[in-house]
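The values are calculated or read from the model by the stated rules, or taken from the named source; none is laboratory data. On a predicted model such as this, the values are computed, not experimentally measured, just so you know. Ideal geometry is used to build each Cβ from the backbone, glycine not excepted, and the neighbour counts take in all protein chains shown. All accessible areas refer to the heavy atoms of the entire protein, side chains included, with ligands and DNA or RNA removed. Shrake-Rupley method; radii C 1.70, N 1.55, O 1.52, S 1.80 Å.
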Amino acid sequence: MFFEGKLTIDPSQLTKIDKVKPTKAFKKMFYYLTLGKVTDKLERETFTSISILQQLNTVFRKQGIDNIIQLSHDDIDFYLDKEGKENDLKEAMDLYDIRVDESMATYFEQLLMVLEHLDNDFKYLIKVKINRTHEVGVFPIEIIVCGYVKEFSIASKTDNDKSIENRIQEKMSSQELYDQYCTEQESKFKTFLEHLKFEITKYLHVDAIELDIKTKVVIPKEKVTSENRREYYGTASSRDGEVYYGFENFLFYNMLWSSSCHEHHLTLNDTYFESDDGKELGHMESVDTSSDYFDADTECTTDIFENETIDVQSDDSSTSSSWFDFDSIGGGDDSSWGSSCSSCSSCSSCSSCGGD
């Protein structure tokens with residue numbers, strides 16, 4: 001079990017609405033038929049990379065977050081910590097400031113900043129994505145925070161698989177005790193995010209900021225041992241299949257969690273599940289872990305998510321317009337076409353529409 005929080009931020013910056021050539025097959029056809037009148041729309045933020053990073057630097061330092069792992073500008077790494085340096089946020093910012101010229105600062109597409117932080121309760125991995133160009137109505141700044149419970153980390157060489165499993169099972173002796181523990185940990189995680197949200201509102205001029213928190217449980221493909229435990233990377237804690245430095249000792253307990261829940265026949269409420277390679281499996285309002293699906297010793301072919309109660313969540317939370325909704329893609333008053341396709345609910349990939 002770990003927690004994931006997502007902060008999406010709309011800064012108070014002037015934006016420019018750009019009309020762009022459509023990418024989908026039918027939009028392209030009507031783009032040419034209407035001499036370019038039918039277009040998609042994108043928002044382009046006017047802030048520079050340096051200005052927005054300076055503001056975020058202030059926010060994080062006020063929170064005592066000063067350990068940076070990675071700083072990338074359009075997939076170019078300007079800083080990547082492979083040694084576990086302490087208090088290196090200023091060093092990374094100074095390096096970036098020196099190496100980035102005016103053109104790069106102005107015309108970037110995406111910035112990525114990854115930080116780590118440790119307090120009494122959690123090891124935090126903080127991913128900041130800043131998109132200069134984005135769909136209309138989608139916030140340009142996204143901060144994803146993963147909180148791994150410090151109590152179950154591998155703190156010393158004497159911490160073996162069994163000792164960590166015993167620590168986990170102490171919290172699972174009853175459903176009441178488990179629910180109470182999860183609620184307490186979620187409350188602490190939420191407090192951290194609320195403080196971060198407050199600092200963002202204080203030091204970044206924002207039009208809007210939204211916060212969403214999820215409780216997540218990992219379901220491994222096979223029983224976890226000391227030999228294979230490093231195979232769990234997870235999309236949140238890795239870079240190109242390599243675990244970010246300093247997180248190895250905070251990930252292992254997640255591989256034991258679902259099996260321990262199974263042993264104690266616990267019910268998990270309002271939980272999001274993912275595989276050991278970070279793939280989103282879905283969300284369940286309530287699920288009984290006595291099912292073989294959660295038993296690490298059983299090769300289970302039944303998917304608990306193949307039923308009507310599942311609420312599968314996608315990482316892509318943006319809302320894009322239908323390919324035939326010309327009012328929303330730039331046709332304006334010049335177009336009088338219908339607003340939906342008669343053959344399917346989503347024409348992004350079906351054979352009748354041609355897809356992308």
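All other residues with a Cβ under 12 Å from the Cβ of A105 taken together, and with Lys, Arg as +1 and Asp, Glu as -1, what is their net charge?
On the way: positive: R99, R132; negative: D74, D97, D101, E102.
Neighbour charge sum, excluding A105 itself: -2.
Loop-located trypsin sites (Lys or Arg not before Pro) in segment 108-186 (DSSP state not H, G, I, E or B) with no more than 15 neighbouring Cβ atoms inside 10 Å: K157.
If the chain linking S103 and S286 were pulled fully straight, counting 0.36 nm for each residue of separation and taking away their Cα-Cα distance, it would gain 60.7 nm. Any idea of the accessible area per residue across segment 47-196, 1.4 Å probe, to the nearest Å²? Using a 1.4 Å probe on heavy atoms only, each residue of segment 47-196 averages 46 Å². When the solvent-accessible area of segment 142-183 is split by element, carbon and sulfur atoms take up 50 percent of it, the probe being 1.4 Å. For segment 242-303, the solvent-accessible area with a 1.4 angstrom probe is 43 square angstrom per residue.
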